[in-house]
Amino acid sequence: MAIFGTGIVKDVRNFKSMTERDIIGIFGTMNAGKSSLMNLITQQESSIVDATPGTTADTRITMMELHGIGPVKLMDTAGFDELRNLGDKKRKKVSAALKECDLVLVVIDPASPGLPTVKLLLEEALSEEKQILIVYNLFASADEIKIDLCEKNLPLLNQFQQIRISALKPENRSALLEFLLQHYIPKNNPTQLLPFVEQDEFYILNIPMDEETPPGRYLRPQAMAEEYITRNWGFPVSYRMNLGKARSGDPSEKARWESFLGSFGRRPKVIITDSQAMDIMKSWSPEDIGLTTFSIMMINYMSRGKLAEFANAVKTVDTLNPGNTIMIAEACNHSRIKEDIGTVQIPNVINKQFPGVHVKHIFGREWPETEELKSVRLVIHCGGCMITPQRMAARLRDLGKLQIPVTNYGIFLSYVQGKEVLGKVLEPWKITTL
Ligand code: SF4
């Protein structure tokens, strides 16, 4: 089965959600002045500044608006060279932060540059394809002459744009911001959440609430879909399907669904369903109404439009052998009850359709080291709404380097219902399967 995607372009100016931020990370050796730089940018003591090595125990985060760049998440990280006490753990956190950044600011004190560490840091940032800018932090003006020696001993430094300032002097803030504006190229462009939505058309949100559904609010993908459709002048209509009744074959649930569908003045355009209802929706969704899932919508959005790749990867299930491992990655840490999709429903399908295949779980923001990933044959990822698009990109980069295919809850649960079912849920996205 080959899958082809077509790009769908729509005006996205109104849809940079509150959570869409460029991520700028401040990195360097211990005591290079990373926290001072953070404080200079934020104009406040968001980070503790102290001469004691290792003062920044963990990554400190500040959300702010930077004129000319927009909303940003600033991360002040622990020293890249810190190996004492919990050093190795910290180092992993710093590496995780680096993977997530759009821009890596490397702070160097020319009087004490720690070049072997800076080299490691630059190499890691380059291997993650990050934009890099260098900030030489001058604790004394005489330190400037030591920069030449740094660049002579580590010629790699010459590849990047640099600024020379004292991060302790508030008057240097505007020069620093000007430097960022001049040299940072934002690439964090949001994708349309539901590019097929049209004005004055109905869209059904099928939300079968269960014991895991939090009271008082929709889940984030559901709320985002409703907001997006409304913002784009469409009509979102929610339906609570009783999955228990539907699965038991109780005719009253089917009759209720059909009466709901029949109550519109004109046919709804697309049904967006919870992925776990695909076993019902494959036969209950009418041919003349489109169908897709919240999970498919979300993974396309969080991966910045890579839905075709997730769809292609699902073919891997046909090549699985007993003893292979599937990793189910769920980006939220909610308490899991009874029929949880990630821990119960998908593993049940795997056990039934692919006997002998092992299932491994990853929850929340945790992500395995390369060595641990090597044993995985396929990843099935949820929509990923609780992590940033940048973190999703870092995950995809990790998996890409190891050539591990990654598909998605909604795609997998549709595919196991039949190739034609997968074809149907991809249709609204103009992705065709053969
Ligand atoms: S993080 Fe994943 S499982 Fe949790 S609500 Fe978002 S899409 Fe669903």
(message) Can you tally the net charge around T292? Count Lys and Arg as +1, Asp and Glu as -1, for every other residue whose Cβ sits under 9 Å from the Cβ of T292.
(response) 0
(request) Using a 1.4 Å probe over the heavy atoms of the protein chains, calculate the carbon and sulfur portion of the accessible area of the stretch 270-370 as a whole percent. (result) 47
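Please list 322-333, 270-281, 24-35 highest first by mean number of surrounding beta-carbon atoms within 10 Å per residue.
On the way: 322-333: 18.0, 270-281: 24.0, 24-35: 25.8.
Per-residue mean Cβ counts within 10 Å order the peptides as 24-35, 270-281, 322-333.
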(request) Enumerate by residue number the trypsin sites (Lys or Arg not before Pro) in the stretch 182-289 meeting two conditions: DSSP loop (anything except H, G, I, E, B), and at most 15 other Cβ atoms within 10 Å of the site's Cβ. (result) K187, R217, R240, R266
(request) Calculate one ³J(HN,Hα) per residue across the stretch 315-331 by plugging θ = phi - 60° into the Karplus curve 6.51 cos²θ - 1.76 cosθ + 1.60, and present them in order as whole Hz with x for glycine and proline. (result) 4, 4, 4, 6, 10, 6, 10, x, x, 5, 10, 9, 9, 9, 10, 10, 7
(request) First select every other residue whose beta carbon is under 13 angstrom from the beta carbon of Q162; then total the charges, Lys and Arg +1, Asp and Glu -1. (result) -2
(message) Residue by residue through the stretch 132-142, what is 3J(HN,Hα) from phi via Karplus (6.51 cos²θ - 1.76 cosθ + 1.60, θ = phi - 60°)? Round to whole Hz and write x for glycine and proline.
(response) 10, 10, 9, 10, 7, 9, 8, 6, 9, 4, 5
(message) Quick query: amide H of I132 versus all other amide H atoms, modeled in the peptide plane; which residues come in under 5 Å with a sequence gap of 5 or more or a different chain?
(response) V104
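For the chain, state the semi-axes of the equivalent ellipsoid (square roots of 5 times the eigenvalues of the alpha-carbon gyration tensor), sorted largest first and rounded to whole angstrom. Walk me through the numbers before you get to the answer.
Numbers: eigenvalues 433, 114, 66 Å².
Equivalent-ellipsoid dimensions as semi-axes: 47, 24, 18 Å.
What does the charge add up to near E201, with Lys and Arg as +1, Asp and Glu as -1, over the other residues with Cβ less than 11 Å from its Cβ?
Its environment carries a net charge of +1.
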(message) Could you check the spin-label model distance between S375 and E212? Points 7 Å from the Cα along Cα→Cβ, value in nm.
(response) 2.5
(request) Please pull out the direction-averaged projected area of the stretch 312-415, using the convex hull of its alpha-carbon atoms, in nm² to one decimal place. (result) 6.3
(message) With only alpha-carbon pairs counted, each pair once and no self-pairs, how large is the Kirkwood hydrodynamic radius of the stretch 106-261 in angstroms?
(response) 21.3
(request) Sticking with the crude label model, points 7 Å out along Cα→Cβ, report the distance from K430 to R267 in nm, one decimal please. (result) 2.1
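Name the trypsin sites (Lys or Arg not before Pro) in the stretch 354-418 that are in a loop by DSSP and that have at most 16 other C-beta atoms within 10 Å, would you? Intermediate values should be presented prior to the final figure.
Working: sites: K360, R365, K374, R377, R391, R395, R397, K401; in loops: R365, K374, R377.
Listed in order of number, the matching sites are R365, K374.
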(request) Measure off, as a whole percent, the carbon and sulfur share of the 1.4 Å-probe accessible area of the stretch 22-183, all protein chains present. (result) 53
(message) Quick check for you: which residues of the stretch 187-217 have the amide N under 15 Å from the point 7 Å beyond the Cα of W233 toward its beta carbon?
(response) 197-202
(request) For Q403 paired with L120, estimate the spin-label separation in nm (one decimal), with each label point 7 Å from Cα along the Cα-to-Cβ line. (result) 3.0
(message) Whole-Hz ³J(HN,Hα) for each residue in the stretch 402-407, computed from phi via Karplus 6.51 cos²θ - 1.76 cosθ + 1.60 with θ = phi - 60°, x for glycine and proline: what do you get?
(response) 9, 6, 9, x, 10, 10
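Does the stretch 113-179 classify as rounded, prolate or oblate by the C-alpha gyration tensor (a ≥ b ≥ c root eigenvalues; a/c under 1.5 gives rounded; else a/b over b/c gives prolate, otherwise oblate)?
Details: a/c = 2.30, a/b = 1.34, b/c = 1.71.
Oblate.
With every protein chain present, what is the per residue accessible area of the chain (1.4 Å probe, Å²)? List each step's numbers first, then the result.
On the way: 19850 Å² over 434 residues.
That works out to 46 Å² for each residue.
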(request) Report the residue, chosen from S285, S259, S375, that carries the largest GNM mean-square fluctuation when the chain is represented by alpha-carbon nodes joined by springs under 10 Å. (result) S259
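The values are calculated or read from the model by the stated rules, or taken from the named source; none is laboratory data. It should be emphasised that the depicted structure is a prediction, and the values quoted were computed from it without experimental measurement. Here Cβ is always computed from backbone atoms with ideal geometry, including for glycine, and neighbour counts include all displayed protein chains. Protein only, heavy atoms only, side chains kept; ligands, DNA and RNA dropped before computing areas. Shrake-Rupley method; radii C 1.70, N 1.55, O 1.52, S 1.80 Å.
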